[in-house]
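Remarks on the structure that follows.
What follows draws every value from the coordinates through simple rules; no lab data is involved. What you see is a predicted model, and the numbers here were worked out from it, not measured in a lab. As a convention, Cβ positions derive from the backbone with ideal geometry for all residues, glycine included, and neighbour counts pool all protein chains shown.
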Amino acid sequence: MTTTTHRAWVYGDNVNTDVIFPGKYTYTVREPEQIARHALEDLDADFASNVQSGDVIVAGRNWGCGSSREQAVTALKYCGVRVIIAQAFSGLYFRNCINQGIHPILCPPDFNKSIKTGDTVLIDYAKGVISANGETFNIPPLSPTVRHILSAGGLVAMLKARSG
Amino acid sequence: MTGYTFAEKALGRAAGGLTVRAGEVVDVTPDLVFSHDNTAAIRRIFQDEIGATTIKHPERVAFTLDHAVPAPTTRHAQNHAEIREWVRQQNVAHFFEVGRGICHQVISEEGLILPGELIFGSDSHTTHFGWLGAFGMAVGRTEMAALWLTGQIWLQVPRALRIWLDGRPQPYTTAKDVALHILGRYGADGGQYRSVEFAGNAITHLSLSERAVLTNMMAEFGAMNAYMPPDDAVFDYLQPHQERDYTPLYPDADAVYDETHHIDISALTPQIARPHRPDNVVALDEVAGTPVQQAFIGTCTNGRYEDLCAAAEILRGQRARIRLIVIPASSHVLEQAARSGVLADLISAGATISTPGCGPCMGNHMGVPAPDEATISTGNRNFRGRMGTREADIYLSNPYVVAASAITGRITDPQEVL
C-alpha cells in the first residue's frame with residue numbers, strides 16, 4: 001500500500017502570509033509550537049484548534065503571497081501539515097516550503113473547487129498521483145536541486161550534513 | 001540567437017561570468033545580503049539549528065533595525081540586543097542602529113549596492129533595488145542563514161515580463177498610482193515570480209524616488225525582482241557614496257519577454273487599493289467620501305523626502321481632522337525635511353512624527369487601529385490584520401490623497417482641498 005489518506009483544509013486564491021501568520025507576532029512569538037497556535041488565525045479561526053497531523057492544505061492561485069516571513073510555513077509545518085497543494089504558489093513561499101522540507105504540489109485549476117474542507121485526499125507517491133472526489137492529477141516533477149533539498153528534509157538538514 | 005534580459009545578464013554575472021538563460025538553475029554569489037529585526041531569528045537558525053559558527057563574508061553583510069523601533073517591549077529590546085551582540089561577534093561591516101531608517105532606503109542612501117549587482121534581503125520588498133538597476137530578490141530566514149554560511153545560493157533564472165511606460169503623470173497622480181494600476185489591471189499574481197523589467201520614455205521623467213516606488217511595489221505583483229534601466233540621475237546619486245566600480249546592465253533590444261504591458265501614465269488618475277488586497281484597485285472617485293479615522297504617510301514605498309513634500313503641499317496652512325502619522329523612511333529624509341521646513345509644515349497641520357522605520361505598516365508596535373476603524377496609508381499592503389487589528393480596514397494610496405483625506409476625515413481628491 002503506497003497510498004496515504006489525508007484530510008483537506010480548502011481555501012481560495014491569493015491567501016497571503018499576513019493571514020497565515022500575522023505580522024504582529026513576528027518578533028515576540030519565537031518557538032515553532034507557539035507559532036503553530038496562530039496558524040491561519042486571520043483567515044480560518046477553526047484551523048489551529050482542529051488541524052491534525054497529516055492534514056493537507058488545498059488552495060487556489062498565489063498561495064502565500066505577500067511578506068517573505070518563513071513562519072507562514074513554520075506555522076503549518078508544526079501543525080503537522082507536510083503537503084500543501086495549490087494551483088500556484090507565490091515564488092517566495094514556494095522556496096520557503098522547500099527549505100523547510102514541506103512539499104509544495106501544483107494542482108490543476110479548480111482542484112480546490114472540486115473538494116471541500118474535511119474531504120479526503122489520497123496521495124500515491126510511488127505512482128505520483130493525487131486524487132480526491134474522483135478528480136485525479138499527476139504530481140509535477142521538481143528540479144534535481146529542489147528534490148535534493150526536500151529529500152534531505154530541508155535546507156538546514158542539508159547544510160548540517162554538508163558541514164558535519 | 002536572441003538577446004538577453006536584464007535578469008539573464010545580472011545572474012550570469014553573479015554566477016561567475018556565465019552565459020545563462022531563463023529556466024537554468026545556477027549558484028550565484030551576491031554582492032550584499034541584508035536582514036533587519038529578523039536577524040536574531042536568522043542567527044538562531046545559523047548557530048542553533050545548522051551548528052555554524054562564522055559568517056563567511058561579513059564584509060558583504062548589512063543589518064538594519066527598522067521593523068519595531070525604538071523597542072516597544074522587553075522582548076523586542078532583547079531581540080535588538082542579540083543583533084548588536086552578533087554584529088560584534090561576527091564583525092559585520094554594515095550595521096544601522098534604531099532611527100537610521102528602513103533597510104531598503106538606508107542601503108540605497110549608503111550606496112552599498114550598485115547597478116548591475118546582486119542583493120538578497122530577508123524582506124519581501126527587496127525588489128526595491130531595481131530602482132538603481134540592481135537585481136534585488138527576497139529570501140526567507142533559512143536561506144539567509146545559508147547565505148551567511150556559504151556566501152552563495154541556488155536559484156532558477158526567471159523568465160521576464162516587460163512593462164513599458166509612456167507619458168507624464170497628471171497633477172496629484174504619482175508612481176504609486178502607476179503601481180496600483182498595474183496591480184489592479186494584472187492581479188497580485190501577474191508577476192508570476194518573473195523579472196519585471198520596466199522600459200519606455202517615461203522613466204527618464206520619473207524621479208529616483210518614484211522609480212523606487214514602482215520597483216518596491218512589484219513585491220505585491222509577485223515578481224522575483226524588478227528593474228529600471230539606470231541613467232545619469234542614478235549614477236550621479238551614487239557617485240558620492242560608491243566604494244567600488246560597477247558596470248550597469250541593460251537588456252538587449254531583442255531580449256525575450258513573455259509579454260509586454262503598455263501603460264500610458266498620462267491617462268491615469270489617483271488610484272486606491274481597497275481592503276483587503278493591494279490589487280483590489282479602483283479610481284479614487286469610486287471610493288471618495290469613505291470615512292477614515294487614521295492617515296499614515298511613510299514606509300519603504302512612500303516615506304521619502306518627495307513624499308513628505310507632497311503631503312506638505314496639501315497640508316500647508318490646513319489642519320488634519322483625524323490622526324495623522326508621518327514616519328520618514330530614514331534619518332536622512334527626516335533631516336532634510338527638518339532643514340527645509342517641510343517637517344514644521346506637517347507638524348503645524350497636526351501631524352505626529354515618529355522614529356524613521358517601518359512604523360505601523362505591519363502591526364508590530366505603533367499606530368494600531370481600533371476594530372472597525374479605517375486607515376488610509378501610503379504603504380504597500382492592506383491585508384486583513386496587517387496593521388495589527390483583524391477587524392480594521394486599510395486603504396492604500398499616494399501621499400497627496402492621504403494628506404487630503406487627513407484634512408477631511410474621508411477619502412478625498414487632493415484638488416478638493418486646495
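Some observations on this one:
- Legend: distances between Cα atoms for A:LYS116/A:LYS160; A:LYS24/B:LYS9; B:LYS9/B:LYS176; A:LYS77/A:LYS113; A:LYS77/A:LYS116; pairs beyond 30 Å are A:LYS116/A:LYS160; A:LYS24/B:LYS9.
- Counting Cβ atoms of other protein chains within 10 Å of each Cβ in B:274-286 and taking the mean gives 1.
- For the range B:314-327, 3J(HN,Hα) computed residue by residue from phi via the Karplus equation (6.51, -1.76, 1.60; θ = phi - 60°) reads 7, 8, 4, x, 10, 9, 6, 8, 10, 4, 10, 9, 10, 10 Hz, glycine and proline entered as x.
- Sorting the segments B:302-308, B:411-417 by their mean number of nearby beta carbons within 10 angstrom, highest to lowest, gives B:302-308, B:411-417.
- Interchain or long-range residues, amide H under 5 Å from B:ASP123's placed H: B:VAL139
- Protection proxy ranking of B:208-217, B:230-239, by the mean of other Cβ atoms within 10 Å over each peptide's residues and highest first, is B:208-217, B:230-239.
- Shape class of the range B:6-263 from the Cα gyration tensor (axes a ≥ b ≥ c, square roots of the eigenvalues): prolate, since a/c reaches 1.5 or more and a/b is larger than b/c.
- Share antiparallel - DSSP beta bridges, the protein assembly as shown, percent rounded to 5: 30
- DSSP assigns beta bridges within the range A:83-164; of those with both partners inside it, close to 65 percent run antiparallel.
- Packing-based ranking, highest mean first, of B:286-299, B:138-151 given that Cβ atoms within 10 Å are counted: B:138-151, B:286-299
- Each DSSP beta bridge with both residues in the range B:275-416 is either parallel or antiparallel, and the antiparallel ones are about 5%.
- Summary value for chain A: 25 percent relative contact order, contacts being C-alpha pairs under 8 angstrom separated by 6+ residues.
- Inter-chain shielding of A:92-104 (mean C-beta neighbours from other protein chains, 10 Å cut-off): 4
- Here the relative contact order of chain B, from alpha carbon pairs under 8 Å that lie six or more residues apart, stands at 18 percent.
- For B:ARG323, distant residues with modelled amide H under 5 Å away: B:ALA295
- Mean residue ellipticity, 222 nm, helices only, chain B: the sum of -39500 (n - 2.57) across DSSP H runs of n ≥ 4, divided by residue count and rounded to 500, is -8500 deg cm²/dmol.
- Euclidean distance of C-alpha centroids, the range B:29-83 and the range B:140-161, integer Å: 17
- Cα gyration tensor category, rounded, prolate or oblate, for the protein assembly as shown with a/c compared to 1.5: rounded
- Residues whose amide H falls under 5 Å from that of B:VAL292, counting only those 5 or more places apart or on a different chain, are B:ARG410, B:ILE411, with hydrogens built in the peptide plane.
- Residues in the range A:33-44 carry Karplus couplings, in order, of 5, 6, 4, 4, 5, 9, 4, 6, 3, 8, 10, 9 Hz; the curve used is 6.51 cos²θ - 1.76 cosθ + 1.60 with θ = phi - 60°, and Gly or Pro positions show x.
- Residue-wise HN-Hα couplings along the range B:390-405, as the Karplus relation 6.51 cos²θ - 1.76 cosθ + 1.60 with θ = phi - 60° gives them from phi, are 4, 8, 9, 9, 10, 10, 10, 7, 7, x, 4, 5, 4, 5, 4, 5 Hz; Gly and Pro carry x.
- For chain A, the square roots of the Cα gyration tensor eigenvalues, ordered a ≥ b ≥ c, give a/c of at least 1.5 with a/b no greater than b/c, which places it in the oblate category.
- Inter-chain Cβ neighbour count for B:378-386, averaged per residue, equals 5 (cutoff 10 Å, partner chain atoms only).
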